[in-house]
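One structure is given here, and the rest of the page talks about it.
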Amino acid sequence: MTGNVRNTAVLGSAVLLGGLLALGLVWSGSYIKGAAEVWQQSSRSVTVRGLAERDVEADLVLWPFNYTVSANSLSDLEQQLSNGEGAIRDFLQAQGFAPEHVSSTPPRITDQYSNQYGGGQRPDERYRAEATLLLRSPDVEGVIEAIPNATSLVREGVLLSPSYEYRTEFLFTGLDAIKPEMIAAATADARNAAQQFAEDSGSQVGQIRQATQGYFSIEDLDSYTPQTKRVRVVTTVDYSLKD
């Protein structure tokens, strides 16, 4: 009789333990399933890029006048440098540019005799100097109109030495004023791309998880109109997706 009671108690304990274990497994499985669903939803996202472009007009121009002179004495060389600078300044003033917008650099003087090696033939004039005057002006249209007239300096004996180093540059300095609008436009473009992706995948666009602003680039619209610039920015945005 005592043995039967003991066996019954053991059996009851086993059943109770089994029930608790089964209940624990069911609860654990539900928790794991729920956690997996939350993790899966939180990991659903799409990364897209948005582009914004705008054409603007240059608001500053750098027009360099690089010229060379040569002479057999330093005094003559200095006089020719002064004559060339005076001719360029007079030309720019006649074109309507303010004198305070013109600056000069110290001349680079070369003794050409010292550069001769091996008994080669000496140049006719010993000294050579190169100098540059720079017009820095906001009058972009005025510079464009005046550039063809610069040939008059050659007729006055100014030996201009144009090169890639001394090319006319058109600049746009108003980037800070248009940055906010362009960033907003690029972000809107990114959201449109995310919306299209979400529609194709049967989802909806959620909140922004992360956003990275690209750098702004300013380039010539083309090689024939350097005074017109194209400003461009790309943003990268990570959106969450939801059902």
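The values are calculated or read from the model by the stated rules, or taken from the named source; none is laboratory data. Quick caveat, the model's predicted, so the values are computed rather than measured. Neighbour counts are summed over all protein chains in view; Cβ atoms, including those assigned to glycine, are modelled from backbone coordinates with ideal geometry. Protein only, heavy atoms only, side chains kept; ligands, DNA and RNA dropped before computing areas. Shrake-Rupley method; radii C 1.70, N 1.55, O 1.52, S 1.80 Å.
Classify segment 40-177: rounded, prolate or oblate, from the alpha-carbon gyration tensor (a ≥ b ≥ c, eigenvalue square roots; a/c under 1.5 rounded; otherwise prolate if a/b is larger than b/c)?
Taking the square roots of the gyration eigenvalues as a ≥ b ≥ c, segment 40-177 is oblate.
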- line: Taking 0.36 nm per residue of separation between E145 and A211 and subtracting their Cα-Cα distance, the length gained on full extension comes to 19.3 nm
- prompt: In what order, largest first, do T168, T173 sit by accessible area if the probe radius is 1.4 Å?
  reply: T173, T168
query: How much solvent-accessible surface does I218 expose, in Å² to the nearest 10, with a 1.4 Å probe and all protein chains in place?
result: 70 Å²
task: Quickly rank 178-184, 56-62 as a protection proxy: mean count of other C-beta atoms within 10 Å, highest first.
output: 56-62, 178-184
- prompt: In the full protein assembly as shown, how much of L171 is accessible to a 1.4 Å probe, in Å² to the nearest 10?
  reply: 60 Å²
